[in-house]
Each structure stands twice: as structure tokens, then as C-alpha cells.
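Shown next, in C-alpha cells, is the structure this report addresses.
A short reminder: the numbers here are calculations on the coordinates, not readings from a lab. Predicted, not measured: the structure shown is a model, and the values here were computed from it. For neighbour counting, all protein chains shown are included, and Cβ atoms are generated from backbone atoms with ideal geometry for every residue, glycine included.
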Amino acid sequence: MATSRALLPSPHASARPAGARPRLHAASASLQFAAGRAQARHHPHAARLRLRVVRCAIASSPAPVAADSPTRRISRAGSDGALRPKPAVLVAEKLSEAGLAVLREFAELECAYGMSPAELLAKVAQFDALIVRSGTKVTREVLEAGRGRLRVVGRAGVGIDNVDLQAATEAGCLVVNAPTANTVAAAEHGIALLASMARNVSQADAALKAGKWQRSKYVGVSLVGKTLAIMGFGKVGSEVARRAKGLGMHVIAHDPYAPADRARAIGVELVSFDEAIARADFISLHMPLIQTTAKIFNDESFSKMKTGVRIINVARGGVIDEDALVRALDSGKVAQAALDVFTVEPPPKDSKLVLHENVTVTPHLGASTVEAQEGVAIEIAEAVVGALRGELAATAVNAPMVPAEVLSVLAPYVSLAEKLGRLAVQLVAGESGIKGVKVVYTTARGPDDLDTRLLRAMVTKGLVEPVSSTFVNLVNADYTAKQRGLRITEERVAHDSPAAEAPLESIQVRLSQVQSKFAGAISDGGDIVLEGRIKYGVPHLTLVGPYEVDVSLEGNLILCRQIDQPGMIGKVGNILGQRNVNISFMSVGRTFRGKQAIMAIGVDEEPDKETLEKIGGIPAIEEFVFLEL
């Protein structure tokens, strides 16, 4: 009889204090809040069941979140009603009182504005979350200093070029921003600069205040009929386009990731980068500052523009080579520029660009309206609180971004994906590394219509966390897997059943070229195979190797491979009952009558070694394994 070392509790389990709930470092990634709601809606006994919401690894605080809590309600109460220690949040730059109020309700709050880099390094290890604006650099050194406690970095605004995303991901630290609250404010400021530049407002204002009445010097240009090229057609760029269309401008845009249908709906033509800058009378910049956009507007790109072009930048200063822009202004290639952002902020007092007579400047005022400041503060505060509570941060920038409509569809499958990964890795023999993983999605939709990024991340998380010595969560699961040489592929299989209503029929995880602790999980092709489905809103295991089973993936699981003969269920149940281990469910699957079968047993308690050995001692049982969920 083949027994398994997996029958012993894991080191993590045995190290827990008596009576303590297991700490789920990565349980159910961000989507469990939404999943709980979706399950409760579809489960036939929803009113009685009151499905639990499992917390995400991002939040190590054990307080669960009730699935029926209002979105804005913040609670620190655990399932036993006891209050948990508040997480600590450090606010490094000025935030509106409305946002601070949201944070105070949930966390211990410290506001320390104007810290030096050394002061931030000394403080950050004391906090679970850090909130910054654009003036604070969250470097690798800062993230390393906070490793072990710092779980969330919140950027109050859109741009995240002041945060080392790679270092944050490696540290398992979620980075969230507030991209929507200041969208209108930034777009309005872009239009204000556009109109001000076209009519020489700032120059005429300065001249008049200096006692000069120079009407003939400040003759402007009209906007009607002019072509505006919007470089970066995201939220702000789209809003600028709408307003420019209202001014009678012809709007074109360049953005390699913008959906063509969204552009068409606004009446905007998407074109290539070179075509956009060549056709434009005005160019408005709304692109992020990343490696591929740094100084993308340089001598070469200016040379491709119309003579007399006018440029507006309310995005990021680093996308323009400022020395090249000065040369273009001096030559007349660029007639005027209106800038709200700069490579170095504040710019040097003797900056040739700032002092140029054909340049209109403002000190990074894009989001500086009363309404935007309050909105950004509330948005980032809610994102940080949600992340600390384990909810999905819709504005996460270093985790899979899933649109809301996709999120609602995939919610029930998130827990299933992680649990299949978690079970699969526990079946791998210790001396056998995982060389290849395939995740197969059977879907009633067109395979290309299924967005599986979040599900892939959850399978990865389930595979990596039980065997990793590092903290693993949704943010760094893929990175950790790559570091371990784990290669994961995906396959989407169309399911042609006309009666199928669910977006996914099943998720299957296959581990290839591995040795298994449990031979029953090996398919005819030699892979470890586990498959699951959602039934009544709850994850179920439906296939183990070649054996069909049907067990709810809750609690812990015992798998037994046995000779198919009468009395086996009673024998196993009797042993567990004598040892005071409650059975939550049981399912038996077999290939042929009288041959081999698999018994899957869900148990509420963790059986001790002696109990499992008694089960393994039943003559008809050929092998068994205990698995933690």
C-alpha cells in the first residue's frame, strides 16, 4: 500500500496556536467580496447560508468582511464580534479632510508631510499602508525598509512614475492609485491651457500689469476648424476630446491600446504616432511616463511636425525632452507651448523653458480644484482601506486589471481557480519539481471572449503559496512563479451546449512531467489532473485524474484510492466518527464496477496522524492523501 507524507499537517498548520484560525496569506485574491455577493444571490439557500467572504492575502489582518456590508461601510469586527487591532496608515503628503475621515474610521492614522527620504525610510516599517502624491519617491529602498509589514502604497492621483512598481511587486505590496476623481479637472485644465495659449492670455496679462497696452502684439489664433492631436486616449484624453469637439475642432488621437469603437463614439479618428504629430495644429499630451514614452517628444519628433504647431502638456513632464522643446521654440517650429508638468518639479528658477516668452506655465495644477482634491482623497482612501480589508482594488496598478463587467461574471470562479492550484501542488511529490502547468477553461462563449487574467493569477497563487517561503499574494504570484521557473500556459475550449448559461463550464489544472504523492490523480496521459465547476455558486471538485467526483471545496479534504467494494464508506466514516472528526461531505467516483475507485471526504477538523493511519490501514485502500484548502 502506498501512503503519503501529505497525511501529516503542514509546518504552517502545526505552528498555529491552539484554536487560532489559519492565516490565509493569499486567500481568494481580491475578488472574494464580489464572489460572496454573487454566490449569495445564486445559491438556493442563500438566506440561510449567509456565505462567508474569504479574505485576500493583501490584508493579513484576520477580520472578515461581511458580504452584505455596504460598500462604504468600514468594519474591523471579526466573525466572533471582537475588534481587531487597527492597521496603521502613513500619509506622506497633504490629503483632503474628506479622505482622512475615511481612513480614521478604519485605521490608525499618521500624517507626516514634507519628510526627507531618510525620514521616510526610518518610518515606513511601522505602517501597513503608505499614501503619497507626486512629490514623494517610493523607491526600492523604501519598499525594502517596509518589507514584512507594508502591504499597500496609495498614490493620490493618476501617475505612478514616482513608485518603483517592480520592487513593490517583488515585495508583495499592492500599489493603487486614484485615476478617476481628477479626470474632469485635468481635462478642464488642458482646455484652459489650450485656449489661453491660443489667445496669448498669460503674456497679455503680464504685459498689461507691467503697464504695457500691446493689442497688436498679442494677436491669437482661432480654434475652430483646427486639428487637435490627442496623444494618449485614456480617461483624460477622452474628456479633452469631447470638449475640443464642442469648440469646433477636428480631433485625431494616437493610443495603441485605445478601443476604436470608443474613439468612433466620440467622433475621434485613431491614427499612428507619426501621422498624428504631422497633421496636428495643436498637440495635447495625455500619456503615462514609462520607459517607451520617456522623452518621446524630442528633436526627431519635433522635426516631423507642422511649422507653428502648439503643444499642451498636462500629463507627465518626462515625456518631453525639454532642451529639444526649447530649440524647437527658438526656431519657430513650435509656435507655443502650454505646460503644467515638468521633468523636475519644481523646475529650476533659471529654466529656459519656463522663462521662454512663448511658453505658458502653471505649477502642476491639473487636479487642483476643490472638487477634484476631495474626490481624489476619498477615492484613494477607499482604495487603500479596501485593499487592507482584502477586497479587490479596482485601481490596482501592479495586479491584474479586470473591467467591472468581467469582474461580475468571473466572481464565483476566483475561489475555484485558487483552490484547484492549491490542491494540485499538494499532490506533487517533494522530490519532483513542477515543470509545466496548463489551465484549461471550458466555456460556452467564444474562447477569445473570455478574459482569464484574474483566473490565471489565482491558479498561479494557489500553486505557489503552499510551497513558497516568501509572502505570496495576487500582486507578486506571477513574479514568484517566474522566479521558480514555473511555466503556465492556458487553453480555452468552446462548449457547444445550447443550454449552457454560465460563462465557464469548468476549470481544469494539469501538471505535466511530475511525480505524484497520489497516483489516483494521474490521468491516462501521465499528468496530475484536477477539474472543478461552480454549483449553486460554490466551488466543487468534479474530476481527479480519470475519476469523476463531486465534492464542495470547503474545509479540508481526504482522498482515498481503493478497491471498489461494498462497505468502504461505512468503514472510513466509522473511523472518523470514533475520532470525533465531522464529515461535511463524501463522494465516490470509479472507472469500472469492482475495479478501482476514489473516495473524496470533506472534514471540518484536521485529523491527527493516528486517524489517517487507521484509514490507510483498511485493506482495500491502496493509497490516501490529506489536503488542506
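Between Arg327 and Ala278, what is the label-point separation in nm under the 7 Å Cα-to-beta-carbon projection?
Computed distance between label sites Ala278 and Arg327 equals 2.2 nm.
Under a cut-off of 22 Å between alpha-carbon atoms, report the lysines in cross-link reach of Lys209, not counting same-chain residues fewer than 8 places apart.
Counting by Cα, and skipping residues close in sequence, Lys209 has these lysines nearby: Lys217, Lys349.
Whole-Hz Karplus ³J(HN,Hα) for the range 342-354, in order, using 6.51 cos²θ - 1.76 cosθ + 1.60 and θ = phi - 60°, x for Gly and Pro?
Whole-Hz 3J(HN,Hα) from phi for the range 342-354: 9, 4, 10, 10, x, x, x, 4, 9, 4, 4, 5, 5.
Note down the magnitude of the dipole of the range 316-371 about its Cα centre, charges +1 on Lys and Arg C-beta and -1 on Asp and Glu C-beta and zero elsewhere, to the nearest 20 debye.
So the magnitude is around 100 debye.
For the residues His254, His189, what sequence is obtained by ranking on other C-beta atoms within 10 Å, fewest first?
Least to most surrounded, the residues fall as His254, His189.
Would you mind working out the magnitude of the charge dipole of the range 522-579 relative to its Cα centre, with +1 at each Lys and Arg C-beta and -1 at each Asp and Glu C-beta, to the nearest 20 Debye?
Magnitude of the dipole: close to 320 debye.
In whole angstrom, and with the biggest value first, how far do the Cα coordinates of the range 185-361 range along each principal axis?
Ordered largest first, the range 185-361 gives principal extents of 52, 34, 29 Å.
In Å, what Kirkwood hydrodynamic radius results for the range 94-198 from the alpha-carbon pair distances?
15.1 Å
For an R0 of 35 angstrom, estimate the FRET efficiency from the Cβ-Cβ distance between Asn582 and Glu97 and round to the nearest 0.05.
So the FRET efficiency works out to roughly 0.10.
About its Cα centre, how strong a charge dipole does the range 185-361 have in debye, to the nearest 20, once Lys and Arg get +1 and Asp and Glu get -1 at the Cβ?
620 debye
Mind checking which aspartates and glutamates have their Cα closer than 15 Å to the Cα of Lys123? Skip sequence neighbours fewer than 8 apart in that chain.
Glu93, Glu108, Glu110, Glu141, Glu144
Past the 18 Å Cα-Cα mark, which pairs from Lys419/Lys614; Lys535/Lys595; Lys226/Lys352; Lys94/Lys137; Lys306/Lys333; Lys571/Lys614?
Distance filter (> 18 Å) returns Lys419/Lys614; Lys535/Lys595; Lys226/Lys352.
Given the options Ala600, Val625, Gln515, identify the residue whose Cα lies farthest towards the positive end of the charge dipole of the range 512-629 (+1 on Cβ of Lys, Arg; -1 on Cβ of Asp, Glu).
Farthest towards the positive pole: Ala600.
Just for the Cα atoms in the range 275-326, what are the lengths along the principal axes, largest first, rounded to whole Å?
Rounded to whole Å, the extents work out to 27, 19, 19 Å.
Cβ neighbours within 10 Å, averaged per peptide: list 419-429, 298-308, 270-280 in order, most packed at the top.
Final packing ranking: 419-429, 270-280, 298-308.
Can you tell me the order of 231-241, 370-380 when each peptide is scored by its average per-residue count of other Cβ atoms within 10 angstrom, highest first?
231-241, 370-380
When the chain is fully extended, how far beyond the present Cα-Cα distance does Asp524 get from Glu357, taking 0.36 nm per residue of separation?
Answer, rounded to one decimal: 52.4 nm.
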